[in-house]
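All remarks here apply to the structure that follows.
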Amino acid sequence: MNDKHHNADSADNKSREQEMNIENEEVEINDVDTAGEAGAGEEMSELESLKNLLQQKEDEVEKEKKEYLFLMAEFDNFRKRTLRERADLMKSAGEKVLKGLLPIVDDFERGLEATRDSADAGAVREGMTLIYNKLIKYLADNGVRAMETAGADFDADLHEAVAMVPADDDTPKGKIKDTVSKGYTLNDKVLRHAKVVVAQ
């Protein structure tokens, strides 16, 4: 009888232990499920965060692209405008120079008309001298200057040797003996080289 009672108690104890083990396993499974759900939630949150960051960067790139295209268009307009203004400036500068020569042409025409029947060479020469001086002054006002070549050292940057002559007491070797055609500078830049005869 005691053995039966003892066996029944043992069976009850085993049954309780099994139930407790099952409950513990369920608790552990629930814990794992909860942890899994938490992990999945964190992954979803991180994925959403990455998606938002990617969208933000794409928006920034699109904005930068629009600004770049706008700047390129602005620069192209600036370049075209500058070229147009430069062409206009060159054209107007040429017009200004030519317009300044017209009064000198008028003086030449008046001088030719006045000396048509004149036998006085001195008067004709005087009129030509006045017009010449007026032209030289106009050129000087626009930065054009004649080069001084008489007795100067030959300089290939300024002069063009058209002939060589033997050196003498008046003109030592390497000096300019004579000027065939005057040279001119425009604002200190050679406009036309002087054609000279050089002593050697």
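The values are calculated or read from the model by the stated rules, or taken from the named source; none is laboratory data. No experiment lies behind these values; they were computed from the predicted model shown. In this analysis, Cβ positions are derived from the backbone assuming ideal geometry, glycine residues included, and neighbour counts consider all displayed protein chains. Note: areas computed on protein heavy atoms with side chains; ligands, DNA, RNA excluded. Shrake-Rupley method; radii C 1.70, N 1.55, O 1.52, S 1.80 Å.
Per-residue 3J(HN,Hα) values for segment 132-138, derived from phi via the Karplus relation 6.51 cos²θ - 1.76 cosθ + 1.60 with θ = phi - 60°, read 4, 4, 5, 5, 4, 5, 4 Hz in sequence order (x marks Gly and Pro).
With N set to the number of residues, divide the alpha-carbon radius of gyration of segment 78-134 by 2.2 N^0.38 Å and report two decimals.
On the way: Rg = 19.0 Å, N = 57, 2.2 N^0.38 = 10.2 Å.
Compactness ratio reported: 1.86.
Simple point charges give the picture: +1 on the Cβ of Lys and Arg, -1 on the Cβ of Asp and Glu, and for segment 95-200 a dipole about the Cα centre of about 260 debye.
Give the accessible surface of segment 42-171 per residue, rounded to a whole number of Å², with probe radius 1.4 Å and ligands, DNA and RNA excluded.
Working: 11080 Å² over 130 residues.
Using a 1.4 Å probe on heavy atoms only, each residue of segment 42-171 averages 85 Å².
Just to be sure I understand: if I project the alpha-carbon convex hull of segment 116-193 onto a plane and average over all orientations, what area do I get in nm²?
Details: hull surface 30.1 nm².
About 7.5 nm², averaged over all directions.
Over segment 39-157, what per residue volume does the convex hull of the Cα atoms give, in whole Å³?
Here the figure is 193 Å³ per residue.
Of LYS134/LYS177; LYS57/LYS80; LYS137/LYS189; LYS96/LYS134, which ones are farther than 23 Å apart at the Cα? Don't skip to the end; give the middle numbers.
Working: LYS134/LYS177 29 Å; LYS57/LYS80 34 Å; LYS137/LYS189 18 Å; LYS96/LYS134 17 Å.
Over 23 Å Cα-Cα: LYS134/LYS177; LYS57/LYS80.
Among the protein heavy atoms of segment 35-129, carbon and sulfur supply 60% of the accessible surface, probe 1.4 Å, non-protein parts ignored. The reciprocal of the average 1/r between distinct C-alpha atoms defines the Kirkwood hydrodynamic radius, which for segment 123-164 equals 12.9 Å.
Roughly how far apart, in whole Å, are the Cα centres of segment 152-200 and segment 74-146? What the calculation gives is 27 Å, centre to centre. Shown here for segment 105-152: trypsin sites (Lys or Arg not before Pro) in loop regions (DSSP other than H, G, I, E, B) with at most 13 other Cβ atoms within 10 Å, namely ARG116.
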